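Below is one structure, written out as structure tokens; the observations come after it.
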Amino acid sequence: MSTITEEISRRRTFAIISHPDAGKTTLTEKLLLFGGAIHIAGAVKSNKIKKTATSDWMEIEKQRGISVATSVMGFNYGDYKINILDTPGHQDFAEDTYRTLTAVDSVIIVVDVAKGVEQQTRKLMEVCRMRNTPVIIFVNKLDREGRDPFEILDELEAELKIAVRPLSWPINIGAKFKGVYNIYEHSLDLFTPDKQKATSRVEIDDVNDSRVDEAVGEDDAAKLREDLELIEGVYPEFDVEPYLQGKLAPVFFGSALNTFGVKELLDCFVKIAPAPGPVQTAEREVRPEEENFSGFVFKIHANMDPNHRSCIAFVKVCSGKFERNANYKQVRTGKSMRFASPTAFMAQKKSIVDEAYPGDIVGIPDTGNFKIGDTLTSGEEIHFKGLPSFSPEMFMYIENTDPMKSKQLEKGIQQLMDEGVAQLFFHQFNGRKVIGTVGQLQFEVIQYRLLHEYGAQCRWEPMSMYKACWIESDDPDALANFKKRKHQFMALDRDGRDVFLADSAFVLQMAQNDFPKIRFHFSTDSLSE
Ligand code: G4P
């Protein structure tokens, strides 16, 4: 019997994030192959939302539905229990991804060597930075022509605003790509394009070993030595501490499609990535090894089938042991709840679990008892923080078009907001309801679901707006003055917090300049209590 401390220390719960098409799905699949969770490549296609489907959101929702199975991919790798939390590939579901990032202990970022840092990567990195999430970067597609690796490192550092440290180094790229020198393990991995198997490896203690010349040719060996010398000169020795603090990102190079550089990444990842750590609640810090169970809901997945209105609430276990059929407290409602069929996800199979440990994700069938951010405990009244709302970027007024169904509409809106599909604001000037999302698609999703699940009809009315941000100030007069001056642009969120609706970047900038005593927040994470 293992102890809870052992169970915790062997867990690695993380997400892979990237701009669409950089290779997240391919890398995920290769990690699963190494973990023996799948046996052939091509098995994880279901978590990929095809780019061709951008206008066809039903198709996207269907794929998202399928992706419940791949929402959490658990497998054992050596002594480690790995939980990969999937994030939707479509950027209109970025908010889902942001929230998933609150449930992971670290992150692997995939970057395309030819494209470098792209928009979505930049945004997701902002969320990681806010939370000091440890990050490892995998530069992918080295088998294709791309940018100079030094140039890529500079770009990563500048664009992602994090110090970097290469732990592997490519020998040429594109057609001439010969392999990767593993700086972390001191070995040379030779490139053999192969979609199913790991690569061949030459163990060497020293890069000056003549076997390097034999393997890659004298010219490339000389270039490699030169590059490594430069690396050692420019970058400080790799230190795990700044990585764990989210200040330094180790960088690996490889080709996910060819399973190249992936094992090196995984082997280093399990060694250096953090096990579940303490989590902050509004009341106190919760340590994973505490005896009593606690956890929070970070995602709710609705069933798109109108005949089965049930959802799955995904709970991240934060402390103690979760047990099937035990009595737990839903802190927000005060209800005592027992779960007869909690599920977990191992080796691509969803099955009922009897117990789960910190770092694990448990799926709980739900019929409307949960809301994103809810806390479950063995009885203690604590509230997990850190399930922030993020400034939405698209806004519409929502209007009822069937006065007979206003109750249904109200209920539908509330439940969809509980699920975290979008955010609702109450405009203080005109009394209208504003829905804010991070993607255009959500408006269609909401309209469709309101009609099909609640029998309510709505219409969207466009409004020109740039960003909604939460405001606060230590000076009540300054706050009152701001609200008075900007009364046409003030709203409240569902929790009654003040929100400033800026209609342009310029207006926001001016407001920030003109009202130095007001703090503008782009996520509720940074708001004071
Ligand atoms: P995503 O989840 O980040 O959106 O990306 P995904 O893994 O689906 O990869 C996007 C495309 O890039 C896929 O090609 C995939 O095969 C390719 N790819 C991934 N890794 C590598 C690599 O190391 N080298 C090369 N050359 N290509 C790579 P696709 O044609 O869009 O899809 P598919 O038809 O191959 O599935």
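The values are calculated or read from the model by the stated rules, or taken from the named source; none is laboratory data. Note that the structure is predicted; figures quoted are calculated from it, not measured. A quick note on method: Cβ atoms are made from the backbone with ideal geometry, for glycine too, and the neighbour counts reach across all protein chains shown. Keep in mind that these areas ignore ligands, DNA and RNA; they rest on the heavy atoms of the full protein, side chains included. Shrake-Rupley method; radii C 1.70, N 1.55, O 1.52, S 1.80 Å.
Tabulated data
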item	result
Which of Trp470, Trp460 is most accessible, then next, and so on - probe 1.4 Å	Trp460, Trp470
For the range 125-131, 3J(HN,Hα) per residue [Karplus equation, 6.51 cos²θ - 1.76 cosθ + 1.60, θ = phi - 60°, Hz, x = Gly/Pro]	5, 4, 5, 4, 5, 4, 9
Extension gain (nm, one decimal) between Ala480 and Phe238, 0.36 nm per residue minus Cα-Cα	82.1 nm
Built amide H within the under 5 Å cut-off of Arg11, gap 5+	Lys81
Separation of the Glu355 and Arg284 label points, Cα + 7 Å toward Cβ, nm	2.4 nm
Length released on extending from Asn76 to Lys115, taking residue separation times 0.36 nm less the Cα-Cα span	10.8 nm
Accessible area of Ile8 in the full protein assembly, 1.4 Å probe (Å², nearest 10)	10 Å²
Listed pairs Lys115/Lys467; Lys30/Lys371; Lys178/Lys350; Lys30/Lys335; Lys24/Lys433; Lys371/Lys517 exceeding 32 Å between Cα atoms	Lys30/Lys371; Lys178/Lys350; Lys30/Lys335; Lys24/Lys433; Lys371/Lys517
Per-pair calculated FRET efficiency, R0 = 35 Å: Ser406 and Lys517 via Cβ, rounded to 0.05	0.30
Within the accessible area of the range 111-219 (1.4 Å probe), percent carbon and sulfur	45 percent
Arg459 versus Leu190: modelled label distance in nm, points set 7 Å from Cα along the beta carbon direction	7.1 nm
Residue order for Lys411, Lys483, Lys329 - accessible surface, 1.4 angstrom probe, largest first	Lys411, Lys483, Lys329
Magnitude of the charge dipole, the chain, Cβ model with Lys/Arg +1 and Asp/Glu -1, debye to 20	2240 debye
Rounded to 10°, Cα long-axis angle of helix 476-485 versus longest principal axis of the chain	80 degrees
Simple spin-label estimate for Phe150 and Phe429 in nanometres, 7 Å along Cα-Cβ	5.4 nm
Accessible area (Å², 1.4 Å probe, nearest 10) - Asp154	90 Å²
In Hz, Karplus ³J(HN,Hα) per residue of the range 176-183 (6.51, -1.76, 1.60; θ = phi - 60°; x = Gly, Pro)	8, 4, 10, x, 10, 8, 8, 5
Solvent accessible area, Å² - Asp354, 1.4 Å probe, full protein context	100 Å²
Extent along principal axes [Cα atoms of the range 92-211; Å; largest to smallest]	50, 31, 27
Taking the chain and dividing mean pair separation by its residue count, relative contact order in percent (alpha carbons under 8 Å, at least six apart)	13 percent
Descending principal axes extents, the range 213-263, alpha-carbon based, whole Å	40, 31, 11
3J(HN,Hα) from dihedral phi, the range 202-207, Karplus parametrisation 6.51/-1.76/1.60, rounded to Hz, x for glycine, proline	10, 7, 9, 8, 9, 5
Rounded to 10°, Cα long-axis angle of helix 57-66 versus longest principal axis of the chain	60 degrees
Residue-span extension gain [Val270 to His452] - 0.36 nm each, minus C-alpha spacing	61.1 nm
Kirkwood-Stokes translational diffusion coefficient of the chain, alpha-carbon pairs, 37 °C, 0.692 mPa s, µm²/s	133 µm²/s
